[in-house]
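**Q** Have a look at the structure that comes next, please.
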Amino acid sequence: MKSLLKFFSLWVVLLTLLVQPVYSEKLNPAVLYELGRKAQLTDNLPGAIEFYRAALELNPVFLQPMIGLAESFFSLEEYEEALKYVKQAKKYDRFNLRLNTLEGRIRIGLNDIEGARSQFQEVLKKEPNNLETRFGLAELDIASGKTRSAAVKYMETLEAAPQNRRALLSLALLHEAEGNISASSTYIELALKYHGSDAQVNLEAGRIALSRGELPRAEKYLLTAIALDSDLIEARRNLAYVFLKSDRSSKAASVLEELINRNREDVLSWFMLGLAFERLGETLKAINSLSRALRVRPDDEVSRIAMENIALAKLPLDDKIRKNFSDYHLKQGSLLEDKNLLDKALYEYRRSLRLNPESKKARLAYAEIFRTRGFITKFSKELEVLKSLGYTDNIIQDSLEATRGKRYDQVSVEWGIDQYAVEKDMLKLGVYTLIPANREIHPTVGEISSHYFIDMLQKEERFDIVNREIAITSFKQAFRASRELDIDYFIILSCQESERSFSIWADLFLGGTGARLNTMHIFRTANDRVRNAFLKLASKVEELFPLRARLLTREFDRGVVDLGRLSGVKEEDNFIIIKKGKLRLKNDSIGFLFAESDVLGEFTVTRTDENLSEGIIIKKSFFDRINQGDILIAPPPTDESGMEEEEERDQGLLYRLFALFKPKS
């Protein structure tokens, strides 16, 4: 209660001061600065920024608020703003080496590696043993992908100062990120030994225990952190996460509601409250809490995905809430289509239809992209869906009439096959997220985004997604489930998010043996980074697997297979024909195995339809053993590495290390 009153009193004082006349004695820049400092030290960064800005309005050359603004924006990962204020501060205090170190850290956040190095070297020329700068150099190594070099620098700090809190915590986090649990435990235990009465140390110990699933230990450390510093918001939020993970959702909701009462703009607490209400079976309260998070931060993709996942799972098809969510994606799709970003627009329209399958506008927009790309039958099929839903206006009827004359020479028409009614052979695919490997801002982001990814993969008929559970704690758990479910391949995802970036690691394994076949890494920044990262991953997964078709029918040396232009098949493409039932998965790479004696012939595409292709059959032997139902495969991809190294820096680890940076009181 005392902390709550303290928080509101800061804002009351600010509002009171801002409405008083300029000549009032209470409008003292020094007073405003002190209020800002108090807000900053209690992690009320928006409040700190307001106080500091108010102080600068009254005294534009007041150095300390400039530094406070640089530090606060740095903590919020608003690096451009932070750089602006640290540069401004350096104009008035050119010899303050602390500002060089701060600017170096800011430039790491901006990925200006050489600029950061220059700032740190400037300090070390004058103070070779400056600890803060050495920490900055270690962070620079991590930003450059040199974690071993960073560890050496932290160790050198410990040689000079064996009990240094920052070095011990940094080493604990670094080893935890690398999966070296033993080393991480050693350093966190040393930090607790020397700094057991430090709230930040107990917070980090609690976070590490929580990430390992050691919930009683995590709860103990977090309660200690709160007892030592009742204003440590992160400790309370992590405690709520412990309650969520240990099926105490009511207690989690109580903690989160208290945090929200302190700060109605606390996006993460609103988000987590939504998760708590979902687990309590309070669907509408869950959606309302997540929508409040979006009101505070409209670009919070994870909150939106979580909210939509709940709607898809819990609300009936005709619910007004689902229709509202659908309209959002319809609008997004239209904006993307206007920019000619048709793949992304198509996804947005598809997501809109997932939420509201009866939306006339969404289905027309979805169908129109196929028409634009020349897939007339697909376009007409979508219009037929609208007709079956009772939409019989002139637009639909006229469009259907216009398409009939354009389909007379299609493969499907000539052979009398409904190309969109053909049941295709699919690969059985499992999708999991490894909980300990996710480095989150939003708790459970791995599980939430995995559902989102599955939704993307199911747009085609190539994959049958088979899952018993999505969130796992070990590889063994995924492998066992895959064996029991007779899955062909399974993917284990891990996500890493910061305020400005989103990364996905996806490992592809063979279901039968558990052999790792491929690793993909996707990194995205800027708006819509979660959507764009998963769209890229879905595309890469689809590209990994060689095409597989089935011979539907034949007449002499002509035949039809169940792949067409929608799958990228074109005239003169060649396929090998394998005897039905004789195709097996490779056990050491992506692809298929078959005996040479089971190769029956070749198929060369002569005409393509949207979902079918016609071609010439060339038998291998004198006797024609090729029958309906035999399998055709395309040559495997030339590049099976699948590794996408768009970014080496460990954003999640950097975010945690930056969070250790605290201004001195």
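The values are calculated or read from the model by the stated rules, or taken from the named source; none is laboratory data. Quantities reported herein were computed from a predicted structural model and do not represent experimental measurements. Cβ placement follows ideal geometry from the backbone for every residue including glycine, while neighbour counts extend to all protein chains displayed.
**Q** Considering only segment 52-82, how many residues are part of a helix (DSSP H, G or I), surrounded by fewer than 20 Cβ atoms within 10 Å (Cβ to Cβ) and within 28 Å of the chain's Cα centre (by Cα)?
**A** 3
**Q** Select from segment 398-414 the residues that are part of a helix (DSSP H, G or I) and either surrounded by 18 or more Cβ atoms within 10 Å (Cβ to Cβ) or at pLDDT below 85 (or both) and list them in ascending order.
**A** Of segment 398-414, the ones part of a helix (DSSP H, G or I) are 398-404, 411-414.
Passing the criteria: Asp398, Ser399, Leu400, Glu401, Ala402, Thr403, Arg404, Val411, Ser412.
**Q** Let me ask you something else. Check off (1) closer than 25 Å to Arg297 by Cα; (2) without any contact (Cβ under 8 Å) to a residue 40 or more places away in the chain for Leu97 and give me the number that stays unchecked.
**A** Every condition holds for Leu97 apart from (1).
**Q** Answer yes or no as to whether Ala367 is more than 21 Å from Arg531 (Cα to Cα), in a helix (DSSP H, G or I), among the hydrophobic types (A, V, I, L, M, F, W, C) and in contact with an Asp or Glu (Cβ under 6 Å, 6 or more places away or on another chain).
**A** Working: more than 21 Å from Arg531 (Cα to Cα): yes; in a helix (DSSP H, G or I): yes; among the hydrophobic types (A, V, I, L, M, F, W, C): yes; in contact with an Asp or Glu (Cβ under 6 Å, 6 or more places away or on another chain): yes.
Taking the combined requirement at face value, the residue satisfies it.
**Q** Next up: Looking at (1) touching a His at 6+ places or on another chain (Cβ under 9 Å); (2) β-branched (Val, Ile, Thr); (3) closer than 29 Å to Lys320 by Cα, which one does Ile181 not meet, given that it meets all the others?
**A** Condition (3) is where Ile181 drops out.
**Q** Then there's this: Could you tell me whether Arg37 is closer than 20 Å to Thr133 by Cβ, outside any loop (DSSP other than H, G, I, E, B) and in contact (Cβ under 8 Å) with a residue 60 or more places away in the chain? If you could, list the steps in order and put the result at the bottom.
**A** On the way: closer than 20 Å to Thr133 by Cβ: no; outside any loop (DSSP other than H, G, I, E, B): yes; in contact (Cβ under 8 Å) with a residue 60 or more places away in the chain: yes.
No; evaluated as a whole, the condition is false for this residue.
**Q** If you don't mind, another one. Among the residues of segment 311-344, what is the count of those that are within 23 Å of the chain's Cα centre (by Cα), acidic (Asp, Glu) and surrounded by 15 or more Cβ atoms within 10 Å (Cβ to Cβ)?
**A** Going through segment 311-344 one residue at a time, the tally reaches 1.
**Q** Within segment 78-91, does at least one residue satisfy the condition of being closer than 25 Å to Pro46 by Cβ, of a type in the set (S, T, N, Q) and touching a residue at least 60 places away in the same chain (Cβ under 8 Å)?
**A** No - not one qualifying residue is present in segment 78-91.
**Q** Collect the residues in segment 147-172 that are surrounded by 14 or more Cβ atoms within 10 Å (Cβ to Cβ), in contact with a Phe, Trp or Tyr (Cβ under 6 Å, 6 or more places away or on another chain) and free of Cβ contacts under 8 Å to residues at least 60 places away in the same chain, keeping them in residue-number order.
**A** Ala167, Leu168, Leu171, Ala172 - these are the residues of segment 147-172 that are surrounded by 14 or more Cβ atoms within 10 Å (Cβ to Cβ), in contact with a Phe, Trp or Tyr (Cβ under 6 Å, 6 or more places away or on another chain) and free of Cβ contacts under 8 Å to residues at least 60 places away in the same chain.
**Q** What's the total number of residues in segment 131-149 that are of a type outside the set (Asp, Glu), out of contact with any Ser or Thr (no Cβ under 8 Å at 6 or more places or on another chain) and in a helix (DSSP H, G or I)? Talk me through it step by step, then tell me what you get.
**A** Taking segment 131-149 and keeping what is of a type outside the set (Asp, Glu), we get 131, 133-138, 140, 142-149.
Of the ones still in play, those that are also out of contact with any Ser or Thr (no Cβ under 8 Å at 6 or more places or on another chain) are 137, 140, 142-149.
With in a helix (DSSP H, G or I) added as a condition, the list becomes 137, 140, 142-143, 147-149.
Counting residues in segment 131-149 that are of a type outside the set (Asp, Glu), out of contact with any Ser or Thr (no Cβ under 8 Å at 6 or more places or on another chain) and in a helix (DSSP H, G or I) gives 7.
**Q** Also, quick follow-up: When you scan segment 396-405, do you find a residue that is in the same structural domain as Ser326 (by TED's automatic domain parsing) and closer than 23 Å to Ala313 by Cα, even just one?
**A** Within segment 396-405, not a single residue is in the same structural domain as Ser326 (by TED's automatic domain parsing) and closer than 23 Å to Ala313 by Cα.
**Q** Would you point out which residue out of Ile448, Ile472, Ile465 is crowded, with 19+ Cβ neighbours inside 10 Å and touching a strand residue (DSSP E or B) at 6+ places or on another chain (Cβ under 7 Å)?
**A** Values: Ile448 fails: touching a strand residue (DSSP E or B) at 6+ places or on another chain (Cβ under 7 Å); Ile465 fails: crowded, with 19+ Cβ neighbours inside 10 Å.
After ruling out the rest, the residue left standing is Ile472.
**Q** Pull out all pairs, ordered by first then second residue, where Cβ-Cβ is under 8 Å, the residues are six or more apart or on different chains, the first lies in segment 173-190 and is buried (at least 16 other Cβ atoms within 10 Å of the Cβ), and the second is of a type in the set (Phe, Trp, Tyr).
**A** Correct list of pairs: Leu174/Tyr154; His175/Tyr187.
**Q** Hey, can you tell me all the residues within segment 423-435 that are surrounded by fewer than 17 Cβ atoms within 10 Å (Cβ to Cβ) and in contact with a Lys or Arg (Cβ under 9 Å, 6 or more places away or on another chain)?
**A** Within segment 423-435, Lys424, Asp425, Met426, Leu427 meet the criteria.
**Q** Of all residues in segment 299-327, how many are in contact with a helix residue (DSSP H, G or I) (Cβ under 9 Å, 6 or more places away or on another chain) and closer than 25 Å to Ser498 by Cα?
**A** Number satisfying all stated conditions: 11.
**Q** On to the next question. What helices (runs of 4 or more DSSP H) lie completely within segment 199-311 and have 3 or more residues being of a type in the set (Ser, Thr, Tyr) and modelled with pLDDT of 95 or more? Outline the logic, then answer.
**A** Details: elements: 199-211, 215-228, 233-245, 249-262, 267-279, 283-296.
Because the criterion is at least 3 residues that are of a type in the set (Ser, Thr, Tyr) and modelled with pLDDT of 95 or more, the helices (runs of 4 or more DSSP H) in segment 199-311 that meet it are 249-262, 283-296.
**Q** Identify all residues within segment 142-152 that are modelled with pLDDT of 90 or more and either in contact with a Lys or Arg (Cβ under 7 Å, 6 or more places away or on another chain) or farther than 15 Å from Leu653 by Cβ (or both); write none if there are none.
**A** Val152, the sole residue that qualifies.
**Q** Please state which of the following conditions Lys125 fails to meet, knowing it meets all the rest: (1) in a helix (DSSP H, G or I); (2) at pLDDT below 90; (3) over 26 Å from Gln496 (Cβ atoms).
**A** (2)
**Q** Turning to a different aspect of this structure: Where residues in segment 26-51 are of a type in the set (Gly, Ala, Ser) and more than 18 Å from Glu81 (Cα to Cα), which of them is surrounded by the fewest Cβ atoms within 10 Å (Cβ to Cβ)? It would help to see each step written out before you state the result.
**A** As a first pass, look at segment 26-51 and keep what is of a type in the set (Gly, Ala, Ser): 30, 36, 39, 47-48.
From what's left, more than 18 Å from Glu81 (Cα to Cα): 30, 39.
On the way: Ala30: 13, Ala39: 25.
In this case the residue turns out to be Ala30.
**Q** Evaluate segment 411-423: report whether one residue or more is under 27 Å from Leu312 (Cα atoms) and of a type in the set (D, E, K, R).
**A** Scanning segment 411-423, I find at least one residue that is under 27 Å from Leu312 (Cα atoms) and of a type in the set (D, E, K, R), so the answer is yes.
**Q** Any idea which residue in segment 504-545 is surrounded by the fewest Cβ atoms within 10 Å (Cβ to Cβ), counting only those that are free of Cβ contacts under 8 Å to residues at least 40 places away in the same chain and over 19 Å from the mean Cα position of the chain (by Cα)?
**A** Arg516
**Q** Identify, by number, the condition in (1) farther than 28 Å from Gln496 by Cα; (2) in contact with a Leu (Cβ under 9 Å, 6 or more places away or on another chain); (3) surrounded by 16 or more Cβ atoms within 10 Å (Cβ to Cβ) that Ala286 doesn't meet.
**A** Just one mismatch for Ala286, condition (1).
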